[in-house]
1. Has region 24-38 got any residue that is of a type in the set (A, V, I, L, M, F, W, C), closer than 30 Å to residue 77 by Cα and not in a helix (DSSP H, G or I)?
2. Answer yes or no: is there a residue in region 55-74 that is in contact with an Asp or Glu (Cβ under 9 Å, 6 or more places away or on another chain) and either modelled with pLDDT of 85 or more or part of a helix (DSSP H, G or I) (or both).
3. Can you tell me which residue within region 75-87, out of those that are at pLDDT below 80 and out of contact with any Pro (no Cβ under 7 Å at 6 or more places or on another chain), is surrounded by the most Cβ atoms within 10 Å (Cβ to Cβ)?
4. Please go through region 99-109 and pick out each residue that is modelled with pLDDT under 80 and surrounded by 11 or more Cβ atoms within 10 Å (Cβ to Cβ).
5. Within region 41-57, is there a residue that is exposed (fewer than 13 other Cβ atoms within 10 Å of the Cβ) and touching a Lys or Arg at 6+ places or on another chain (Cβ under 7 Å)?
6. All but one of (1) touching a residue at least 24 places away in the same chain (Cβ under 8 Å); (2) of a type outside the set (Ser, Thr, Tyr); (3) closer than 30 Å to residue 81 by Cβ hold for residue 12; which doesn't?
7. Could you tell me whether residue 18 is touching a Leu at 6+ places or on another chain (Cβ under 8 Å), part of a helix (DSSP H, G or I) and modelled with pLDDT of 85 or more?
Amino acid sequence: MGTLGRILLAALEAVFRLGDAVGVRGARWEWKKQNWRRLLDERVSGWENLERGVRARTRMCPECRTLVPRGDRTCSSCGASLRGVPGGGPGRLLRLLFPSVRPATTILITLIITTLIITLIIIFIICYICFINVKAFSGIRSIRILF
């Protein structure tokens, strides 16, 4: 994220130089520049903190504050359960990006239902197209299927 932060900061500074070259001046412009720099620094710091959390190989025991390897379920020092303590890694990144989606079964069920609905819509459209040529009150003999 450091490279992305530097690129964004350089782009923001270029916008500031462009504004200065065009003749944008005044206390309000200076305030906006400072505010935008601060907001960008906060955003980049948040991204860097997220990256550190995802890359972390350890997590902290809530009872004794000992650093425990990410895969352990209990603290090696005091024996406390580490259930509920974020473990870092790609799973943590996914939970931060999609906080409401937890288990993979939820995603699979959603995909299956979506596929079923799309299939039903396609079948309905095909049936509509196939039977659109039915003549009113003329019976089944006038049905033409478009295959």
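1. Just the residues of region 24-38 that are of a type in the set (A, V, I, L, M, F, W, C), to begin with: 24, 27, 29, 31, 36.
Now drop any that are not closer than 30 Å to residue 77 by Cα, which leaves none.
The answer is no, given that none of the residues of region 24-38 is of a type in the set (A, V, I, L, M, F, W, C), closer than 30 Å to residue 77 by Cα and not in a helix (DSSP H, G or I).
2. no
3. 87
4. Of everything in region 99-109, those that are modelled with pLDDT under 80 and surrounded by 11 or more Cβ atoms within 10 Å (Cβ to Cβ) turn out to be 101, 102, 106, 107.
5. yes
6. Among (1) touching a residue at least 24 places away in the same chain (Cβ under 8 Å); (2) of a type outside the set (Ser, Thr, Tyr); (3) closer than 30 Å to residue 81 by Cβ, residue 12 violates only (3).
7. no
The values are calculated or read from the model by the stated rules, or taken from the named source; none is laboratory data. From a predicted model like this one, the values you see are computed outputs, not experimental measurements. With ideal geometry, Cβ positions are generated from the backbone for all residues, glycine too; neighbour counts draw on all protein chains shown.
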